[in-house]
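First the structure, in the form of structure tokens, and then the observations on it.
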């Protein structure tokens, strides 16, 4: 008998140790509440969960001690990312830029030397692929930096071929109203925002003809037109009735009189500040010899249109220099209201694929496809065409996706991954699925954040299910990229009042919900941080507990490290938030229902019938024959839940979760901010 018992126990242990399905041993019936003992199944190594890890290259891992994160640092830390169950990494912009964050791209075709060489980057891609981890690049197609060679060339002259790469206007409000700027066309006059237009700060050079009309009894005018042959200097040195063009570094050339108070002069014009008309060539600037615009005036010259000249006989200080048309030309940026960025010009969406900027940005994407990347995250896609709710952006994005994907498929035999950032509520995000296969679901986090802070979980599942139904109506194979915070938002834990328990709960909800979750580096350590003092405070260096910690900025809150410790310290703590993220990452990759399943509402714990459970969020995750019950207590207080669902197969618990069975029903006692997952 003793031998049989030993054989039975040995067999039971062996089955559990080698089992590859979500099928843990059944707990016996109990009359008293007992702690739920979880039995997560063994993972077979297949990454099903579609978990992406977002990191900022500059703040993640420094391999060479210069204070800045780099490609080799990421390569050295791939096993850490692997431990979270991630199947992809989203890298912040890796291109040269003037800023630390990289969104003002100066060259789409190369790496920022601060991060390493192209060889270093290819090595990162190779090592990631060995671990079945894909690499996604942040690709900024809404705008470039003003230091990009394209923009520098575009602002160097009026006839430069790169002029069409960007959006320029002498009079933005007038041109938008007249429909002359296709990328702002659908909004008409409502599309003008003066805070989004910036002067180029350059003065076009070239051959220009100046015509003065000094008609008696009327204010004089000047008309400027382009082209012609420069005049030789006027040999007539008489000063009576003379008119002069003053420009550049003290150049003062006399007009030719054409009679009837009309004067003309054609010059090879070059001036850093513009020009003035004078009635004297004296260097002493006597009063009454200076003509231009009135000081403070917004009036601008237009080619071939007479401009009324202004003078002040009492003060030359009231006279403003005149600029050649195009010198005060403005460029457009629709996103951050900063002159560091300039929006790329794709023209009318109907012909966008033929625009020089479109062709150039697709050509540069090929470089990264050849380097082995697996996808792109597209920045600020609702700002490409100015009207967020029009059809233009989805139409453009489909053209861009198709162009890049055709190249990717030719090389790899599969479709490229491409996710767009539409920083809006879910109903405004949904139409963008007509253009891209994947989009970030910002509302998922905003909804969860509000529910946790209010201690109300009952409607979370219904709202999420409804959101997915809307997404599906636009695209059957949609990918909802779910997340907590990211590099542009306050850290999730700070939004949750700094509570570690709430931060754990948020992570558990993220990894047990329908969608393709993104983990922003540091969330798995419980990072805090708000943007109040600058974006750097939500982009804190990764605290490894070793030499790889970066120091790219001095905007560092020491309270973060004090609160979270390090990767080393959390790895040694079985109750740490890092341990929980690893457990859930492994479980999500193990169970198909958790990885790719659909959320279904619980028949009892829902807004219609579950009023007594208002603090509980519950749903089923279903894939094929597998069905999981997911429960989260969003309230601070303990709650007892009566369920007809079987709780015999617990897979995961965070916080204290207890159960007991009474006849055909189970009762579950969950402490505040706890979570549990059961296989049914």
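Looking at the structure I just gave you, is residue 430 without any contact (Cβ under 8 Å) to a residue 40 or more places away in the chain and not assigned by TED's automatic domain parsing to the domain that holds residue 606? No. Here region 587-600 is the region considered, the condition is being more than 28 Å from the chain's Cα centre (by Cα) and buried (at least 17 other Cβ atoms within 10 Å of the Cβ), and the residue that is nearest to residue 463 (Cα to Cα) is 593.
Kindly indicate whether any position in region 60-67 is in a loop (DSSP other than H, G, I, E, B), in contact with a strand residue (DSSP E or B) (Cβ under 7 Å, 6 or more places away or on another chain) and touching a residue at least 12 places away in the same chain (Cβ under 8 Å). The answer is no, given that none of the residues of region 60-67 is in a loop (DSSP other than H, G, I, E, B), in contact with a strand residue (DSSP E or B) (Cβ under 7 Å, 6 or more places away or on another chain) and touching a residue at least 12 places away in the same chain (Cβ under 8 Å). Please verify whether region 607-616 includes one or more residues that are closer than 20 Å to residue 511 by Cβ and touching a helix residue (DSSP H, G or I) at 6+ places or on another chain (Cβ under 7 Å). No, there is no match, as no residue in region 607-616 is closer than 20 Å to residue 511 by Cβ and touching a helix residue (DSSP H, G or I) at 6+ places or on another chain (Cβ under 7 Å). So residue 494 fits all but one of (1) under 15 Å from residue 563 (Cα atoms); (2) touching a helix residue (DSSP H, G or I) at 6+ places or on another chain (Cβ under 8 Å); what number is the exception? It fails just one condition, (2). Is at least one residue of region 495-505 in the same structural domain as residue 398 (by TED's automatic domain parsing), more than 23 Å from residue 49 (Cα to Cα), surrounded by fewer than 21 Cβ atoms within 10 Å (Cβ to Cβ) and within 22 Å of the chain's Cα centre (by Cα)? No, the conditions are met nowhere in region 495-505. The condition of being at pLDDT 95 or above, over 30 Å from residue 635 (Cβ atoms) and assigned to a helix (DSSP H, G or I) holds for only one of 444, 400, 376, that being 400.
Residues in region 141-158: is at least one at pLDDT 95 or above and over 20 Å from residue 380 (Cβ atoms)? Looking for residues that are at pLDDT 95 or above and over 20 Å from residue 380 (Cβ atoms), one finds at least one in region 141-158, hence yes. What about residue 670, is it modelled with pLDDT of 95 or more, buried (at least 21 other Cβ atoms within 10 Å of the Cβ) and closer than 29 Å to residue 81 by Cα? Criteria not met by residue 670.
Within the set 636, 570, the sole residue that is modelled with pLDDT of 95 or more and part of a helix (DSSP H, G or I) turns out to be 570. Checking region 588-605 against the condition returns a match, with at least one residue being out of contact with any strand residue (DSSP E or B) (no Cβ under 8 Å at 6 or more places or on another chain) and not in a helix (DSSP H, G or I). For region 432-441, a residue qualifies if it is buried (at least 21 other Cβ atoms within 10 Å of the Cβ) and either in a helix (DSSP H, G or I) or modelled with pLDDT under 95 (or both), and the qualifying residues are 432, 433. In region 533-553, what residues are at pLDDT below 95 and either in contact with a helix residue (DSSP H, G or I) (Cβ under 6 Å, 6 or more places away or on another chain) or part of a loop (DSSP other than H, G, I, E, B) (or both)? Residue satisfying the conditions is 534 alone. Can you name the residue in region 415-427 that is within 24 Å of residue 359 (Cβ to Cβ) and either more than 17 Å from the chain's Cα centre (by Cα) or without any contact (Cβ under 8 Å) to a residue 12 or more places away in the chain (or both) and, of all such residues, is surrounded by the most Cβ atoms within 10 Å (Cβ to Cβ)? Per the criteria, the residue is 416.
To keep it simple, each residue is scored yes or no on (1) farther than 16 Å from residue 488 by Cβ; (2) under 24 Å from the mean Cα position of the chain (by Cα); (3) in the same structural domain as residue 487 (by TED's automatic domain parsing); (4) loosely packed, with under 14 Cβ neighbours inside 10 Å.
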{"position": "525", "(1), (2), (3), (4)": "yes, yes, yes, no"}
{"position": "530", "(1), (2), (3), (4)": "no, yes, yes, no"}
{"position": "537", "(1), (2), (3), (4)": "no, yes, yes, no"}
{"position": "541", "(1), (2), (3), (4)": "yes, yes, yes, no"}
{"position": "544", "(1), (2), (3), (4)": "yes, no, yes, no"}
{"position": "548", "(1), (2), (3), (4)": "yes, no, yes, no"}
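Only residues that are touching a strand residue (DSSP E or B) at 6+ places or on another chain (Cβ under 7 Å) and touching a residue at least 24 places away in the same chain (Cβ under 8 Å) were counted in region 657-670, giving 9. Residues of region 163-187 that are in a loop (DSSP other than H, G, I, E, B) and at pLDDT below 90: 170, 171. Regarding residue 463, is this residue modelled with pLDDT of 95 or more, in the same structural domain as residue 431 (by TED's automatic domain parsing) and not in a helix (DSSP H, G or I)? Answer is no for this residue.
The values are calculated or read from the model by the stated rules, or taken from the named source; none is laboratory data. None of the values given here were measured: they were computed from a predicted structure. Glycine gets a Cβ as well: all are built from the backbone with ideal geometry, and neighbour counts include every protein chain shown.
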